[in-house]
Amino acid sequence: IIRGVNIGGVFLIEPFIKPSLFDQFLILNEADRPVDEWTFSATLGKQEARKQLEEHWNTFVTKEDLETLAEYGINWIRIPIGYWAFNITDDEPFVDGQIPYIERMLEWARDIGLKVELDLHGAPGSQNGFDNSGRRGSPQWLHSRTNIDRTLDALSKMSQLAAEWEDVVYGIQIMNEPSRWKWPAADIFKFYNEAYELVRGISPDTYFMIHDTFLSPNDWPSLVNTTWTNALMDTHIYQMFDEYVVSLDESAHIDLVAKMAENITIFDRSQLGVVVGEFSAATHDCTKYINGLGRGSRWEGTLEGMDRPHCPFDTCSCTGDYGSNYKEFSTHYKRFLRRYVDAQLAIYDREILGWFYWNFKTEGAPEWD
């Protein structure tokens with residue numbers, strides 16, 4: 001059983017995981033502040049961006065972090081990587097140089113006995129328009145054959161890395177969260193097939209892992225080729241990125257865990273194996289920058305498009321139990337967090353192939369750490 005943790009926010013930075021990388025720009029006018037790794041690097045320039053990112057790569061995750069995870073019973077880690085670690089053009093502000101640090105982490109994993117999934121988390125043009133793709137805005141990934149070819153080139157190099165570390169790397173996720181709202185599932189499936197042939201030609205025995213593109217489990221067969229071998233479906237389960245769900249009370253959140261997993265377990269037993277590649281303990285979107293830097297929350301009604309707060313209380317405030325300081329959490333809320341995570345693990349750990357918690361560490365987001 002996969003019992004994993006994401007090493008997110010290291011080789012593709014996200015504002016909510018390490019806000020201090022972005023808070024240095026608060027002196028700028030709001031319109032000029034970086035919101036993702038693309039604008040972070042563009043604002044600093046390559047030399048300073050490289051300096052700051054190398055310091056981040058070198059210090060944010062340590063061998064001691066991985067040893068602690070292993071002591072807690074973690075047996076896998078998922079390493080999100082942006083395409084620019086493998087494939088970068090002169091006109092892009094991104095900086096490369098991540099590979100030696102990734103290989104250092106693979107060496108640590110080997111020493112500790114952790115299995116690794118390499119995850120292509122950001123694609124040229126952005127596959128979803130989220131900051132977790134490296135570039136926030138309108139996704140352009142499948143609009144260009146050049147973008148597709150560059151993605152395949154990055155996957156080729158990532159697969160070669162996996163082949164070189166075949167005793168450590170057991171899985172390759174070919175794309176994180178491509179947007180079904182932007183492209184038809186048939187177009188994404190076409191890319192999945194191309195990627196399968198490429199990866200299998202280089203790394204024939206690793207798990208070939210695809211994301212469900214946020215389709216429901218009943219629609220997952222449209223993303224799957226039945227001739228694939230050693231293939232897994234990755235699904236991400238969160239309960240805070242929706243006005244209705246974020247308004248549920250604690251009991252309803254726990255009940256929803258089993259309801260959301262019903263069709264997942266059926267698919268796991270009848271089609272591909274399923275892994276929950278991302279989940280957390282959060283049931284609110286108060287976390288700083290969780291919806292993107294410069295954006296508000298559904299909880300307090302400050303997110304663009306909200307006409308009122310959405311939470312299960314008369315007064316919605318991102319303080320106390322819903323703030324960033326876990327030392328202020330009430331005993332009741334901590335007990336709820338335990339029940340909520342236990343409810344998820346009871347299914348992900350027993351009914352399907354396993355899970356990867358998001359995330360291994362943050363600067364100030366307790367339910368994500």
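The values are calculated or read from the model by the stated rules, or taken from the named source; none is laboratory data. Small disclaimer: the values here were computed from a predicted structure and weren't measured. Glycine gets a Cβ as well: all are built from the backbone with ideal geometry, and neighbour counts include every protein chain shown.
A few points about this structure:
- Qualifying residues in the stretch 262-303 (those that are of a type in the set (D, E, K, R) and at pLDDT 95 or above) - the one nearest to the chain's Cα centre (by Cα): 278
- Condition met for residue 305 (in a loop (DSSP other than H, G, I, E, B), surrounded by 16 or more Cβ atoms within 10 Å (Cβ to Cβ) and among the small types (Gly, Ala, Ser)): no
- For the stretch 253-267, the set of residues classified as aliphatic (A, V, I, L, M) and either in contact (Cβ under 8 Å) with a residue 40 or more places away in the chain or over 29 Å from residue 324 (Cα atoms) (or both) consists of 254, 257, 258, 261, 264, 266, listed by residue number.
- Within the stretch 72-85, being without any contact (Cβ under 8 Å) to a residue 60 or more places away in the chain and closer than 15 Å to residue 2 by Cα holds for one residue alone: 72.
- Residue 130 vs. criteria aromatic (Phe, Trp, Tyr) and more than 20 Å from residue 55 (Cα to Cα): yes
- Residue 285 being among the acidic types (Asp, Glu), assigned to a loop (DSSP other than H, G, I, E, B), touching a residue at least 12 places away in the same chain (Cβ under 8 Å) and buried (at least 19 other Cβ atoms within 10 Å of the Cβ): yes
- Residue within the stretch 35-47 that is of a type in the set (Asp, Glu), over 18 Å from the mean Cα position of the chain (by Cα) and in a helix (DSSP H, G or I) present: no
- Residue in the stretch 325-338 that is free of Cβ contacts under 8 Å to residues at least 24 places away in the same chain and under 30 Å from residue 232 (Cα atoms) present: yes
- Among the candidates 270, 280, 297, residue that is without any contact (Cβ under 8 Å) to a residue 40 or more places away in the chain, within 29 Å of residue 121 (Cα to Cα) and crowded, with 22+ Cβ neighbours inside 10 Å: 297
- Residues in the stretch 2-37 that are crowded, with 22+ Cβ neighbours inside 10 Å and farther than 18 Å from residue 295 by Cα: 2, 4, 5, 6, 7, 8, 9, 10, 11, 12.
- Test for residue 117: is it closer than 18 Å to residue 171 by Cα, buried (at least 23 other Cβ atoms within 10 Å of the Cβ), of a type in the set (D, E, K, R) and modelled with pLDDT of 95 or more: yes
- Test result for residue 219, touching an Asp or Glu at 6+ places or on another chain (Cβ under 9 Å) and assigned to a helix (DSSP H, G or I): yes
- Residue within the stretch 197-209 that is surrounded by 14 or more Cβ atoms within 10 Å (Cβ to Cβ), at pLDDT below 95 and closer than 21 Å to residue 271 by Cα present: no
- Condition broken by residue 208, with the remaining ones in (1) without any contact (Cβ under 8 Å) to a residue 40 or more places away in the chain; (2) on the phi < 0 side of the Ramachandran plot; (3) not in a strand (DSSP E or B) satisfied: (3)
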